[in-house]
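Chemist: Below are the structure tokens for one structure; questions will follow.
The values are calculated or read from the model by the stated rules, or taken from the named source; none is laboratory data. Everything numeric here is computed off the predicted structure, so don't read it as measured data. Here the Cβ positions follow ideal geometry from the backbone for every residue, glycine too, while neighbour counts run over all protein chains shown.
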């Protein structure tokens, strides 16, 4: 089970960004940006938008106003309108890395990967330390099965931000897909170093250990998932598989039953087969050949 995580949320502009780009503007523009952030923080999106609409009418040549309004529109999934505001911001000021990045996010959400890649690339050209742009571009390459390009971007994200947990995880996915198991394990380990409860990394690492017939260590990974997510059916299933390989049949039966208890509706037939057939077969095998309790 390999899962890919793509950053797809619009982020609000930090106040420091607004100030550094507002020195040549009137107090009105600066106040409008500050107040819109405050309104957004309190959940008053409509008032924040209205405030920016008025500010843009007063000062139509100030790029951060369009950028801020575009971000708000993106938060509401009005992506085409958001893109128009990002276009306006970039036309007025081509040095706004956040504008390129935010437009890339909007294109990503619309499924327009080529346009998103273009904007993430532009973001990086303006600001080579923009780790999220590397990460998002790498995620698109990953989805296109271009693992080599994805690896380069995730590594670039980590050079900028050595604690970027998701980048380590996605590196692990890339190496996993390429069959470079040692590098996959190294990056899953780094993921877990920064986030011990990263269940996807635990899951994939556990599968690798099973493939290496290291069932004891693999079981530990899946049991750790269960300790964090006590209704994770897939984790129980894999704990059961490991115990069955180790001929620890009572533990296998217990965890197969837990799987059946928590299995989602789409897996109801599998859960029924386990309860009606699998457990019976294990018990019969144990009775004939013996095994650990």
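Chemist: Could you list, in sequence order, all residues of the range 227-246 that are touching a residue at least 24 places away in the same chain (Cβ under 8 Å), under 23 Å from the mean Cα position of the chain (by Cα) and either closer than 18 Å to residue 271 by Cα or assigned to a loop (DSSP other than H, G, I, E, B) (or both)?
Modeler: 229, 231, 232, 233, 234, 235
Rundown of residues vs (1) over 14 Å from residue 98 (Cβ atoms); (2) modelled with pLDDT under 90, yes/no style:
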site	(1), (2)
27	yes, yes
30	yes, yes
45	yes, no
63	no, no
69	no, no
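Chemist: Sticking with this structure for a sec: Test residue 100 against the stated conditions and say whether it is within 28 Å of residue 164 (Cα to Cα) and assigned to a helix (DSSP H, G or I). First the steps, then the outcome.
Modeler: Numbers: within 28 Å of residue 164 (Cα to Cα): yes; assigned to a helix (DSSP H, G or I): yes.
Against the criterion (within 28 Å of residue 164 (Cα to Cα) and assigned to a helix (DSSP H, G or I)), residue 100 qualifies.
Chemist: Can you tell me which residues in the range 274-293 are surrounded by 11 or more Cβ atoms within 10 Å (Cβ to Cβ) and either touching a helix residue (DSSP H, G or I) at 6+ places or on another chain (Cβ under 9 Å) or closer than 20 Å to residue 229 by Cα (or both)? Reasoning before the result, please.
Modeler: At the first step, the residues of the range 274-293 found to be surrounded by 11 or more Cβ atoms within 10 Å (Cβ to Cβ) are 274-275, 278-280, 282-283, 285-286, 291-292.
Answer for the range 274-293, where residues must be surrounded by 11 or more Cβ atoms within 10 Å (Cβ to Cβ) and either touching a helix residue (DSSP H, G or I) at 6+ places or on another chain (Cβ under 9 Å) or closer than 20 Å to residue 229 by Cα (or both): 274, 275, 278, 279, 282, 283, 285, 286, 291, 292.
Chemist: Search the range 266-283 for residues that are in the same structural domain as residue 233 (by TED's automatic domain parsing) and pair each with any residue that is outside any helix (DSSP H, G or I) when their beta-carbon atoms are under 7 Å apart and the residues are at least 6 apart or on different chains.
Modeler: 270/263; 271/263
Chemist: Would you check if there is a residue in the range 156-164 being crowded, with 23+ Cβ neighbours inside 10 Å and farther than 30 Å from residue 99 by Cβ?
Modeler: The first filter runs over the range 156-164 and keeps only residues crowded, with 23+ Cβ neighbours inside 10 Å, leaving 157.
Next, from what is left, pick out any that are farther than 30 Å from residue 99 by Cβ: none.
The answer is no, given that none of the residues of the range 156-164 is crowded, with 23+ Cβ neighbours inside 10 Å and farther than 30 Å from residue 99 by Cβ.
Chemist: Tell me, yes or no, whether the range 49-59 has at least one residue that is modelled with pLDDT under 95, within 23 Å of residue 136 (Cβ to Cβ) and in a helix (DSSP H, G or I).
Modeler: Within the range 49-59, none of the residues are modelled with pLDDT under 95, within 23 Å of residue 136 (Cβ to Cβ) and in a helix (DSSP H, G or I).
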